[in-house]
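In what follows, a single structure is set out as structure tokens and then discussed.
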Amino acid sequence: QVQLVESGGGLVQAGGSLRLSCAASTSISTFNTMGWYRQTPGKQRELVATITSGGSTTYADSVKGRHTVFRDNAKNTVDLQMNSLKPDDTAVYYCNAVLYRIYYWGQGTQVTVSS
């Protein structure tokens with residue numbers, strides 16, 4: 001069973017930065033894709049950023065140029081560096097890992113951006 005534990009959420013003013021970290025309970029070197037999604041009340045969970053085992057990245061248009069996803073196979077972590085944060089970035093952020101088409105999720109961490 002794969003466990004993902006997020007950390008690094010919190011309250012920040014608009015224009016500020018936060019770095020989210022996700023630690024996996026097992027080696028991530030074989031995970032096809034890892035990344036971050038976010039969800040606000042009443043809305044579907046949406047992709048923020050993902051990174052494949054080969055290092056290819058995908059970003060939501062709303063975060064391109066502001067957020068960067070990092071993957072460290074040696075530490076079994078995937079981080080999300082979030083810069084120039086906006087109130088619209090406020091959400092619960094979930095770490096995600098995909099292995100053989102099975103999706104694993106963390107418990108989520110709250111990010112709140114004040115205007």
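Here are some notes:
- Set side by side, the residues Ser21, Ser114, Ser84 differ, and just one is touching an Asp or Glu at 6+ places or on another chain (Cβ under 7 Å) and either at pLDDT 95 or above or among the charged types (D, E, K, R) (or both), which is Ser21.
- Looking only at the stretch 24-46, and only at residues there that are β-branched (Val, Ile, Thr) and more than 16 Å from the chain's Cα centre (by Cα), the one that is modelled with the lowest pLDDT: Thr30
- Inter-residue pairs, beta-carbon under 7 Å, first more than 19 Å from Phe70 (Cα to Cα) and in the stretch 30-47, second among the hydrophobic types (A, V, I, L, M, F, W, C), 6+ apart: Gln39/Ala91; Gln39/Val92; Thr40/Ala91
- Qualifying residue in the stretch 47-59 (condition: over 24 Å from Thr30 (Cβ atoms), within 15 Å of the chain's Cα centre (by Cα) and aliphatic (A, V, I, L, M)): no
- Thr112 meets the conditions (1) touching a helix residue (DSSP H, G or I) at 6+ places or on another chain (Cβ under 7 Å); (2) surrounded by 13 or more Cβ atoms within 10 Å (Cβ to Cβ); (3) not charged (D, E, K, R) in every case but one. The failed one is (1).
- Of the residues making up the stretch 9-28, those that are open to solvent by less than 60 Å² (accessible area, probe 1.4 Å) and within 13 Å of Thr77 (Cα to Cα) are Leu20, Ser21, Cys22, Ala23, Ala24, Thr26, Ser27, Ile28.
- For Tyr100, the conditions (1) aromatic (Phe, Trp, Tyr); (2) surrounded by fewer than 19 Cβ atoms within 10 Å (Cβ to Cβ); (3) over 15 Å from Gln3 (Cα atoms); (4) modelled with pLDDT of 95 or more all hold with the exception of (4).
- Of residues in the stretch 30-58 being of a type in the set (Phe, Trp, Tyr) and in contact with a Ser or Thr (Cβ under 8 Å, 6 or more places away or on another chain), the one farthest from Val92 (Cα to Cα): Phe31
- Residue pairs meeting the criteria (Cβ under 8 Å; at least 6 apart or on separate chains; first within 16 Å of Ala97 (Cβ to Cβ) and without any contact (Cβ under 8 Å) to a residue 60 or more places away in the chain, in the stretch 52-65; second in a strand (DSSP E or B) and open to solvent by 50 Å² or more (accessible area, probe 1.4 Å)): Thr58/Leu47
The values are calculated or read from the model by the stated rules, or taken from the named source; none is laboratory data. Keep in mind that what you see is a predicted model, and the values were worked out from it rather than measured. Here Cβ is always computed from backbone atoms with ideal geometry, including for glycine, and neighbour counts include all displayed protein chains. These accessible areas exclude ligands, DNA and RNA; they are computed on the full protein's heavy atoms, side chains included. Shrake-Rupley method; radii C 1.70, N 1.55, O 1.52, S 1.80 Å.
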